[in-house]
Structures are given as C-alpha cells and as structure tokens.
Amino acid sequence: MNILVSGGAGFIGSHTVDALIEKGHHVRILDSLQKTIHPRGKPDYIHPEAEFIQGDVRKKQSWLTALKDIDVVYHFAAYQDYLPDFSTFFHTNAVSTALLYEIIVAQAAFKKIRKVIVASSQAVMGEGRYKCPQCFPSTRAFIYPSIRPESQLSRGQWEHRCAVCHGQLKWLASDETVVNPGNQYALSKSSQEQIAIQLGKRYNIPTVVLRYSIVQGSRQSLYNAYSGVMRIFALSLMLGRAPVIFEDGNQIRDYVNIDDVVEANLLVLNRQDANGQVFNVGGGRGLSVIEFYNAMQKTVGKTIEPIISRYYRYGDTRHIFSDIRKLRRLGWEPKRRITQSIKDYWEFIHHQQRSEDILEYAQSRMKGLRVIREVSASGSLC
Ligand SMILES: NC(=O)c1ccc[n+]([C@@H]2O[C@H](COP(=O)([O-])OP(=O)(O)OC[C@H]3O[C@@H](n4cnc5c(N)ncnc54)[C@H](O)[C@@H]3O)[C@@H](O)[C@H]2O)c1
C-alpha cells in the first residue's frame, strides 16, 4: 500500500515509518521539521526508502501534494509543548484533521483512501477516573475531578479530595469513555478525536483513533519545553546532577514502549473491526515517578539522590492510568518492560550532541512562562 505518515520525522512517526517499510509498504512522510523538535533540521534516522515532503499539515496545498496516490494516512503531526499559545494547538492538531477529511471528501482523486489512523493522547482523559472509598466504597459511582486549584497546590497538597467527606480519592484505570480535557493540548486532541471519528463515520472514511499513554524509547525530541521524566532523569544521571522531582514523586503514570506502540499502529491498519473506534494504547502497569527514577538508576547503574522539590507544574495531572482492555481484545499486548525503554533511551541520548544545554533550556523556559511554580514556606506562591 501507499501510506502517508504526517509527522513521520518525529518520534512515533519515524518508528512507524520503519516498520511499514519493513512490511513492504511504500511510505511518504509529510513533516514541517518543526524547529523546536528538530533544531538541527531533518534527522538522520529517517529511513532512506521513505519519500520525504517538507510541508505543513495546516496548509491545504501540503496535503494536496502529499495525498497523491495514497491509500492510508497516519496523522501524527502535532503541536505538543504545554505553552500558552493556545490557538497553535487547535490549528496544528484539530484544524489540520478537519482539513484532511475536507480534502478527502471534496476531491474525487482521494476517494480511494482506505483508512485514516489518528494519534490522540491519554491527556484527553484529564485527571482520569476516581472513586471515594469513604462515601461510595462498593458502588460504581465514579468521580472525574478537574485540575487541582492553585490554592491547593501552593500549600503542597497534592491528592484529589472528595467534595463531600474531604477524604483522599482513589485513582482508577480510565477507559476510552473518559473524556475530560483540562489544558490546551488535551482540548485540541479531544477535538481532533471527535473530528476524525464523526467525520469518518458520516463520510464513510474508515477511521481509527489511538490514544497513547506516555510513549518511551529512542528518538524522543530532546527539545520540547515540557520535559518528560525520561529525559529529565536520564540527562540528570548522565550529567551527574541531582534530578528535580515535581510534587512528592508519588504521581502514578503509565508508560508504553515505542515498539509496542508501533505494533498497535500496524495492528489497526488491517483490522476492519477497529474502524470508527478509539483505543487506549498504554503500558498496562502503573508506576510512580519515584519508582520510575529508581528503575532508571538500577538500569543505567548510576545513583544520585533526587531533589523532591516543592516545585510543581500548574495543571499537571496527579495520577493517570489507561485501561487497555479494549485494545487487548483486538489481540494487542504491551510486551516490553520499562527497563527496555530506559536502555533504548539511555543509548540514544549518548549519541546526541550538546545535551548539557537541554536540561537547563527546558526548565528555564517553563519557569519563564510560569508553568513551573514553587510552594513557599508560608504556603504562598513564589
Ligand atoms: N510521545 C508521546 O508520548 C505521545 C503521547 C500521546 C500522544 N502522542 C501523539 O502522538 C503523535 C506523535 O507524537 P511524537 O511524540 O512522535 O511527536 P514528535 O514531536 O516527536 O513528532 C511530531 C512531528 O510532527 C511534526 N510537525 C509538527 N507540526 C507540524 C506541522 N504543522 N506540519 C507538519 N508536521 C508537523 C514535527 O516536525 C515532528 O517531526 C502526536 O500526535 C502526539 O500528540 C504522543
């Protein structure tokens, strides 16, 4: 098949491109080589057999050129920094998706497109699903909290609390029905999901949305301002600096290895029973941030006491964990362990240049924009 991968120069896109080529498909990449992700231009890991078009998914002409003779589209291009230029998120993530469907519907030449696969994010589920063990110990009365208010975080109170009894809520796995986007990125991804699923159904364009958890592995951009734990911890250990852990480090996350994600991407390509649906793609195992750091220290054989910082990132999710039973029913299983992801990433960063700058760069940019904030001794915000 002829397959177009938007964002194919990026992390998930490029690994998917490699796997598609390996399966014998002809692959074309549409990518703008966004400066914040690729400050050194076109990455050298791009598969030599992939056709490369530099273009912008926000522009109709880019799609028109890239879609010629294409059977399947993977739409991965996205704007992901958690920065306050809100409209960019919607233009890049949601409007680009509407534009893709608009072109497929309007242009007879693109009627042969057999499937569109769209990358969404666990972020769509916001704070996820909780219950109150005191008020509703045995019922399915779920609670979907909003982001924790500034007044709570600035006092260093991290857990979600019940509005009735004020006891600590218990986090639960969130399935695909959970939609509670709490920031500009999540809102744009939620819109993107709706656009893809609803226009796909309405205009008979088989569509699958994959809602990834935190994906880990090589080729993750070192430059996004919103640092993931893998990058912060790996760079800190590599440079011999104590890593800063936000809040108290007990936040639960689920991490999924890039090779498992690629398998999910390829699985839904030929599965008709996946069409018209959203699937969570997660690691199936919850890990606290401290547990993740301990796993990294053990895997790379380095130990540095972390700084549990009193810093927090306003708007961060406290706990989030994806329920992956729906994709498991299609026959998918996350097979790689977190240690594999750590090894792959550790090797990757050792081949990157100028890693000293990157850690400081991301943190100072986030502080400058007041995304990172600190709890003061008096409880007021610094
Ligand atoms: N990496 C994760 O952990 C994760 C988690 C959840 C969801 N996702 C989603 O998966 C998809 C891929 O993520 P990734 O981690 O590979 O991202 P990435 O930043 O590594 O790659 C994104 C690619 O899109 C390109 N791009 C950005 N804006 C563009 C535009 N306007 N036109 C054309 N190309 C553009 C970039 O140059 C980059 O190569 C995204 O849709 C993202 O929202 C990723």
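None of the figures in this text is laboratory data; all of them are computed from the coordinates on show. Quick caveat: nothing in here was measured; it's all calculated off a predicted structure. Here the Cβ positions follow ideal geometry from the backbone for every residue, glycine too, while neighbour counts run over all protein chains shown.
Tilt of helix 338-349 relative to the longest C-alpha principal axis of the chain, in degrees (0 to 90, nearest 10)? Long axis of 338-349 versus the principal axis of the chain: about 70 degrees. Build a GNM of the chain with springs between Cα atoms under 10 Å apart, and of GLY55, GLY282, GLY126 the one that fluctuates most is GLY55. Under a Gaussian network description of the chain, with springs only between Cα atoms under 10 Å, the residue in ARG219, ARG40, ARG140 that fluctuates furthest is ARG140. The distance between label points at ARG337 and CYS165 comes to 3.8 nm (points 7 Å beyond Cα on the Cα→Cβ vector).
Rounded to the nearest 10 degrees, the inclination of helix 355-368 to the longest alpha-carbon principal axis of the chain is 70 degrees.
Working note: Cα atoms of segment 269-335, range along each principal axis, descending, whole Å: 50, 32, 17.
Considering only GLN277, VAL116, ALA66, and ranking their Cα positions along the charge dipole of the chain that arises from unit charges at the beta-carbon of Lys, Arg, Asp and Glu, the one farthest toward the positive end is GLN277.
For the pair ASP69 and VAL105, a Förster radius of 22 Å applied to the C-beta separation gives a FRET efficiency near 0.75, rounded to the nearest 0.05. Rounded to the nearest 20 debye, the dipole magnitude of segment 2-374 is 640 debye, with +1 charges on Lys and Arg beta carbons, -1 on Asp and Glu beta carbons, and the Cα centre as origin. Let me know the shape class of segment 176-219, please: from the alpha-carbon gyration tensor, a ≥ b ≥ c as square roots of the eigenvalues, rounded when a/c is under 1.5, otherwise prolate if a/b is greater than b/c, or oblate. Oblate, since a/c reaches 1.5 and b/c is not below a/b.
Computed from backbone phi, the HN-Hα couplings of segment 211-220 come to 9, 6, 7, 6, 8, 10, x, 6, 6, 5 Hz, rounded to whole numbers (Karplus: 6.51 cos²θ - 1.76 cosθ + 1.60, θ = phi - 60°; Gly and Pro given as x). Scalar couplings 3J(HN,Hα) for segment 283-293, obtained by applying the Karplus form with A = 6.51, B = -1.76, C = 1.60 to θ = phi - 60°, are x, x, 9, x, 9, 6, 4, 5, 4, 4, 5 Hz; x denotes Gly and Pro.
With helices as the sole contributors, the chain gives -9000 deg cm²/dmol at 222 nm; each DSSP H run of n ≥ 4 counts as -39500 (n - 2.57), and the sum is divided by every residue.
Simple rule: put +1 on each Lys or Arg Cβ and -1 on each Asp or Glu Cβ in segment 2-374, find the dipole, and look at ALA94, PRO181, ALA234; the Cα lying farthest toward the positive end is PRO181.
Under the simplified labelling scheme, the GLU49-ALA242 pair shows an inter-label distance of 5.1 nm, with each label point 7 Å from Cα along Cα→Cβ. For segment 20-146, a/c is not less than 1.5, where a ≥ b ≥ c are the root eigenvalues of the C-alpha gyration tensor, and a/b tops b/c. That puts it in the prolate class.
Taking every C-alpha pair closer than 8 Å and separated by at least 6 residues, the mean separation divided by the residue count of segment 2-374 gives a relative contact order of 18 percent.
Between amide H atoms placed 1.01 Å from N, distances below 5 Å from GLN34 occur with no residue 5 or more places distant or on a separate chain.
Taking only the C-alpha atoms of the chain, Rg followed by Dmax gives 20.7, 65 Å. Under a Gaussian network description of the chain, with springs only between Cα atoms under 10 Å, the residue in GLY301, GLY217, GLY284 that fluctuates furthest is GLY301.
Phi angles across segment 294-303 convert, under the Karplus curve 6.51 cos²θ - 1.76 cosθ + 1.60 with θ = phi - 60°, into 3J(HN,Hα) values of 4, 4, 5, 4, 5, 5, 9, x, 10, 10 Hz, Gly and Pro given as x.
Pairs exceeding 25 Å between alpha-carbon atoms, taken from LYS131/LYS298; LYS68/LYS115; LYS35/LYS59; LYS23/LYS201; LYS35/LYS189; LYS111/LYS201: LYS131/LYS298; LYS23/LYS201. With the cut-off at 1.5 for a/c, could you classify segment 152-310 from its C-alpha gyration tensor as rounded, prolate or oblate? Cα axes put segment 152-310 in the oblate bin. Rounded to the nearest 10 degrees, the angle from helix 96-106 to the longest Cα principal axis of the chain is 20 degrees.
If you count the DSSP beta bridges with both ends in the chain, what percent of them are antiparallel, to the nearest 5?
25
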